[in-house]
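The values are calculated or read from the model by the stated rules, or taken from the named source; none is laboratory data. The structure displayed is predicted, hence computed values, not measured ones. Using ideal geometry, Cβ is built from the backbone for each residue, glycine included, and neighbour counts are taken over all protein chains shown. Please note that ligands, DNA and RNA were not included when accessible areas were found on the heavy atoms of the full protein model with its side chains. Shrake-Rupley method; radii C 1.70, N 1.55, O 1.52, S 1.80 Å.
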Amino acid sequence: MGQNTIISLADVRKIYIMGETEVHALRGVAFDIEQGELVSIMGPSGSGKSTCMNMIGCLDRPTSGDVAINGKLTAQMTEKELAHLRNETVGFVFQQYHLLTNMTVSENVMLPLRYQGISVPERKERAEAALRLVGLEDRLNHRPSELSGGQKQRVAIARATASRPKIILADEPTGALDSETGRNVMKLFREINKTGTTVVLITHDPGIGHSADRCINIFDGKISSDERTDKTLAAHLDEESLGKEACNV
C-alpha cells in the first residue's frame, strides 16, 4: 500500500450464509486505488461488484483479508467506528437518488452535514456552494417531485460533495437516466475528480466503465482485469455510448 493509497483491498474474501448454503461473493480480491483516481468497478449482476462497493463504503466487513480506507483497517472496527469513518470519508451517489420527498433540495443536501455536527450557517453555505457546482443554485427551495431525473441525480451529487469527502462512491449513477443526461453526469464526476477527489463508479455498463481512467473488471468474485483506459476510447465513449442501456426519462 503506497503513501497516497486511499482504498486498499488485500486478499479480500466475503462469504454470506444463506440457510445451509455458503455464497462466496468475493474470492481473494486485491487492488489499491490512489487518492485522486477516477476508477470504475465493472461487472455483471452477481459478479461481486456491489460487495466491493459495500467494502469501500464501510457498509460491510470482509470475512477474511484486509480492507483499508484512508489508512484505517475496517475488519475489527465497531459499527460506531465504521459509521464515523464512512461519514468523514465517503460520499454516496445512488442510481435511485434517495432524496427525501418531504424536504427541499437544500435541506436534502444539508442533511448529512447535520450528522457531522456542522453548524446551521455552515450547512447552508456548503449546500449552496455544492448546488452551484452542479448548476442547481436556482432550485434550492424546490421539492424532489419538481425535478427531472437528471436534476435529482445532480442534487444527489451535491449532497455527496457537500461533506467534502475524500471518496465519491457512485452506484450505477446513470442507470436511470437517458444517454445525454448520463453524459452530463459523467462530465460532472470528471470535474469533481479534477479537484482531487477520488471517484469510484460501480457499473455493469461498458460505456460508463471504460469512460473512467481505470477500469477494474470483476467476475464471479474475482478480478478478471485491471487496466488503464485508452484515452481515445474513453473520449469516444463519453461522446457516443454513455448510458446506451439506460431508459429515457
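Things worth noting here:
- Distance (nanometres) between label positions extended 7 Å along Cα→Cβ at ASP66 and ARG228: 2.6
- Charges were assigned to the Cβ only: +1 to each Lys and Arg, -1 to each Asp and Glu. The resulting dipole of the chain about its Cα centre is roughly 620 debye.
- Of all aspartates and glutamates in the structure, the ones whose alpha carbon falls short of 15 Å from that of LYS72, not counting any fewer than 8 places away in one chain, are ASP32, GLU34, ASP60, GLU81, GLU88.
- In terms of its C-alpha gyration tensor, region 121-185 has an oblate overall shape, because the principal axis ratio a/c (a ≥ b ≥ c, square roots of the eigenvalues) is not below 1.5 and a/b does not outweigh b/c.
- FRET efficiency for GLU146 and ALA83, using Cβ-Cβ distance with R0 set to 30 Å, rounded to 0.05: 0.40
- Accessible surface, region 107-227, averaged per residue in Å² (probe 1.4 Å): 42
- One chain, two ends: HIS204 and LEU111. Fully extended at 0.36 nm per residue, the span grows by 30.5 nm beyond their Cα-Cα distance.
- Carbon plus sulfur fraction of accessible area for region 20-163, probe 1.4 Å, in percent: 46
- Counting heavy atoms of the protein chains alone, ARG132 has an accessible area of about 130 Å² for a 1.4 Å probe.
- Pairs with C-alpha atoms separated by more than 20 Å, drawn from the list LYS166/LYS194; LYS49/LYS187; LYS166/LYS222; LYS152/LYS194; LYS14/LYS49, are LYS49/LYS187; LYS166/LYS222; LYS152/LYS194.
- Surface accessible to a 1.4 Å probe, per residue, for the residues of region 49-96, Å²: 46
- The relative contact order of the chain, computed from alpha carbon pairs under 8 Å that lie at least 6 residues apart in sequence, is 26 percent.
- For the peptides 133-145, 163-175, 100-112, the ranking by packing is 163-175, 100-112, 133-145, with the highest mean count of neighbouring Cβ atoms within 10 Å listed first.
- Alpha-carbon spread of region 1-106, three principal axes, descending order, Å: 43, 41, 29
- Rounded if a/c under 1.5, otherwise prolate or oblate - region 41-151, Cα gyration tensor axes: oblate
- Fully extended contour minus Cα-Cα distance, from GLU180 to HIS24, at 0.36 nm per residue: 52.4 nm
- Our estimate of slack between ALA10 and ALA129, defined as 0.36 nm per intervening residue step minus the Cα-Cα distance, is 39.1 nm.
- Sequence-distant aspartates and glutamates (8 or more away, or on other chains) whose Cα lies within less than 18 Å of LYS124: GLU107, GLU137, ASP138
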